[in-house]
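A.B. asks: Got a structure here, written out as structure tokens. Questions coming.
The values are calculated or read from the model by the stated rules, or taken from the named source; none is laboratory data. Just so it is clear, the structure is predicted and the values come from calculations on it, not from any experiment. Neighbour counts are summed over all protein chains in view; Cβ atoms, including those assigned to glycine, are modelled from backbone coordinates with ideal geometry. The accessibility values were calculated without ligands, DNA or RNA, using every heavy atom of the protein model including side chains. Shrake-Rupley method; radii C 1.70, N 1.55, O 1.52, S 1.80 Å.
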Amino acid sequence: MLVALLKDGRPISLVDRWTRVELIRLKQQETFFCPACEREVILKLGNRRIPHFAHKKEGMCAFEHEAESSTHLAGKMDLFRWLQKQSINVKLEPYFHSIQQRPDLFVVVDQRAYALEYQCSPISEALFRKRNNYYKKAGIRPIWIIGAHHLRHLSLYRFKLSRFHWLFAQHVSLSSQPLLFYYCPETKQMFRLVRFIPFSPYCTFAIPLMNALSSLSFDDLLSYPSVPLPDDFWSEWLSEKKKWRLTFTMYPNKTNRRICSDFYHHRILPPLFPPEAGWPLSHSYLFETPPFIWQTYVLIELSKHHEVIPLSSIYALMNEKIAARIVTVRTLPLANLYHYSRAVYEYLQLLTQLGYIEWKSRHTLQLIKPLTLPKTMDEAVNEDKRLLEAIKIKSGQF
């Protein structure tokens, strides 16, 4: 940590401009204490890490959730000075006794309190939820920024996002989509991932925005940037869809076997699922299950009815598959504004635009155009390409 208390209770911050000689003299003359547990801490002045305070091994702090790496300390200092340069009154590592929380940074802007947390090491979902619940209780809005070393590129628009990453996906402003923040203290760059469109549980398409921290303001952490999907996105999505058709059945785990069984029961070969399924949607991030699977289930339910079908039956099917753990809803502690049914409804709207269904009322609809059931892989791939062009022309979602 970068802040400690002196014997008389005065705080001392290592972010202030200290020389090494001054810090050596300070270490010799003073005793330091943790603002949270009030136990004695040591001023560390090694050559490999920036100066910081640390608890003695025999006196670990109950409020210290993780050991701080040099990356964490450097990033926290960068963010602190970045806020100071904007004339924002920022507090470094303040301890709130009422909720037993010590955020990295704390600011009040336009009469609203914010806690900035720079997370560089893994954290359990239980602890993450606990800390956020305490902030909510205190009327503090947390803004989580992940260490950039956690960012895993698979290609230009594809990223490996684990359940750990998704914990930090957060809504800003009035945007219906969440985003992720990453910061690298070595390059002084802030990364923002926007326009999330998951392809599989761990592979997500997104638009990366990279800016020098100095070029951004605090307001940029509170607003969602307007970024269109580039043309390359579509071709890459189509390429991955082809790979998915070829490889899905090569991973016969328990869930995949149940999915294949469901598809076979409705005379659908898993690699030859209808081209009408497996398309990106603004709210498909609400599902952890790939869009190829849950959208095919929607198509199966639609094709079972030759007459008008109530919308509730579509939602009932999804509830059934979720209860059976065949379809999984994504865990989003900081981006839970919407129920997963929003993604289902959005998919039905896409099918409407493509001329496959017609709404008879606000709560009833009917399949008016037969689904495509390709007989060969070549036919499936060609149909995917054809439908992609139709989506790009008729869909205004992207």
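A.B. asks: Output the number of the condition that Val327 fails; it satisfies all remaining conditions of (1) open to solvent by 10 Å² or more (accessible area, probe 1.4 Å); (2) within 24 Å of Thr249 (Cα to Cα); (3) outside any helix (DSSP H, G or I); (4) among the aliphatic types (A, V, I, L, M).
C.D. replies: So Val327 meets the others, but not (1).
A.B. asks: Since Pro252 meets every condition but one in (1) loosely packed, with under 12 Cβ neighbours inside 10 Å; (2) touching a residue at least 60 places away in the same chain (Cβ under 8 Å); (3) not hydrophobic (A, V, I, L, M, F, W, C), which condition does it not meet?
C.D. replies: It is condition (2) that Pro252 fails.
A.B. asks: Filter segment 150-167 down to the residues that are in contact with a helix residue (DSSP H, G or I) (Cβ under 8 Å, 6 or more places away or on another chain) and either closer than 21 Å to Phe128 by Cα or without any contact (Cβ under 8 Å) to a residue 60 or more places away in the chain (or both), then identify the one that is most open to solvent (accessible area, probe 1.4 Å).
C.D. replies: To start, the set of residues in segment 150-167 that are in contact with a helix residue (DSSP H, G or I) (Cβ under 8 Å, 6 or more places away or on another chain) comprises 150, 155-158, 163-165, 167.
Now drop any that are not either closer than 21 Å to Phe128 by Cα or without any contact (Cβ under 8 Å) to a residue 60 or more places away in the chain (or both), which leaves 150, 163-165, 167.
Details: His150: 31, Arg163: 113, Phe164: 35, His165: 14, Leu167: 8 Å².
Here the residue is Arg163.
A.B. asks: Further, regarding this structure: Sort through Lys321, Lys385 and tell me the only one that's basic (Lys, Arg) and either open to solvent by less than 30 Å² (accessible area, probe 1.4 Å) or without any contact (Cβ under 8 Å) to a residue 60 or more places away in the chain (or both).
C.D. replies: Step by step, each of Lys321, Lys385 is checked, and only Lys321 is basic (Lys, Arg) and either open to solvent by less than 30 Å² (accessible area, probe 1.4 Å) or without any contact (Cβ under 8 Å) to a residue 60 or more places away in the chain (or both).
A.B. asks: (1) surrounded by fewer than 20 Cβ atoms within 10 Å (Cβ to Cβ); (2) at pLDDT below 95: which one isn't true of Arg195, the others all being true?
C.D. replies: Single failed check for Arg195: (1).
Table: residues versus (1) at pLDDT 95 or above; (2) aromatic (Phe, Trp, Tyr); (3) surrounded by fewer than 17 Cβ atoms within 10 Å (Cβ to Cβ); (4) assigned to a helix (DSSP H, G or I).
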residue: Val172; (1), (2), (3), (4): no, no, no, no
residue: Leu209; (1), (2), (3), (4): yes, no, yes, no
residue: Pro225; (1), (2), (3), (4): no, no, yes, no
residue: Asp232; (1), (2), (3), (4): no, no, yes, yes
residue: Ser235; (1), (2), (3), (4): no, no, yes, yes
residue: Lys241; (1), (2), (3), (4): no, no, no, yes
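A.B. asks: So, one more: Taking only pairs six or more apart or across chains, which ones have beta-carbon atoms under 6 Å, a first residue in segment 363-376 that is at negative phi, and a second residue that is small (Gly, Ala, Ser) and surrounded by fewer than 10 Cβ atoms within 10 Å (Cβ to Cβ)?
C.D. replies: Matching pairs, first to second residue: none at all.
A.B. asks: State which residue is farthest from His266 (Cα to Cα) when the search covers only segment 330-347 and only residues that are buried (at least 19 other Cβ atoms within 10 Å of the Cβ) and free of Cβ contacts under 8 Å to residues at least 60 places away in the same chain.
C.D. replies: Tyr340
A.B. asks: Considering only residues of segment 335-349 that are hydrophobic (A, V, I, L, M, F, W, C) and modelled with pLDDT of 95 or more, which is nearest to the chain's Cα centre (by Cα)?
C.D. replies: Restricting to residues being hydrophobic (A, V, I, L, M, F, W, C) and modelled with pLDDT of 95 or more, the top hit is Ala343.
A.B. asks: Being more than 22 Å from Phe196 (Cβ to Cβ) and either polar (S, T, N, Q) or touching a Phe, Trp or Tyr at 6+ places or on another chain (Cβ under 6 Å) (or both) narrows it down to one residue among Ser341, Ser361, Ser282; which is it?
C.D. replies: So the residue among Ser341, Ser361, Ser282 that is more than 22 Å from Phe196 (Cβ to Cβ) and either polar (S, T, N, Q) or touching a Phe, Trp or Tyr at 6+ places or on another chain (Cβ under 6 Å) (or both) is Ser361.
A.B. asks: Another question, if that's okay. Scan segment 122-149 for residues that are without any contact (Cβ under 8 Å) to a residue 60 or more places away in the chain and either open to solvent by less than 30 Å² (accessible area, probe 1.4 Å) or assigned to a strand (DSSP E or B) (or both) and report the count.
C.D. replies: So the answer is 6.
A.B. asks: Which numbered condition trips up Arg112, out of (1) closer than 17 Å to Pro185 by Cα; (2) over 23 Å from the mean Cα position of the chain (by Cα); (3) at pLDDT 90 or above?
C.D. replies: Unmet for Arg112, out of (1) closer than 17 Å to Pro185 by Cα; (2) over 23 Å from the mean Cα position of the chain (by Cα); (3) at pLDDT 90 or above: (1).
A.B. asks: Can you give me the number of residues within segment 12-39 that are touching a strand residue (DSSP E or B) at 6+ places or on another chain (Cβ under 6 Å) and either more than 22 Å from Leu79 (Cβ to Cβ) or open to solvent by 40 Å² or more (accessible area, probe 1.4 Å) (or both)?
C.D. replies: Within segment 12-39, residues that are touching a strand residue (DSSP E or B) at 6+ places or on another chain (Cβ under 6 Å) and either more than 22 Å from Leu79 (Cβ to Cβ) or open to solvent by 40 Å² or more (accessible area, probe 1.4 Å) (or both) number 3.
A.B. asks: Now, a different point. Here are the criteria: (1) surrounded by 15 or more Cβ atoms within 10 Å (Cβ to Cβ); (2) on the phi > 0 side of the Ramachandran plot. Tell me which single one Gly355 does not satisfy.
C.D. replies: Just one mismatch for Gly355, condition (1).
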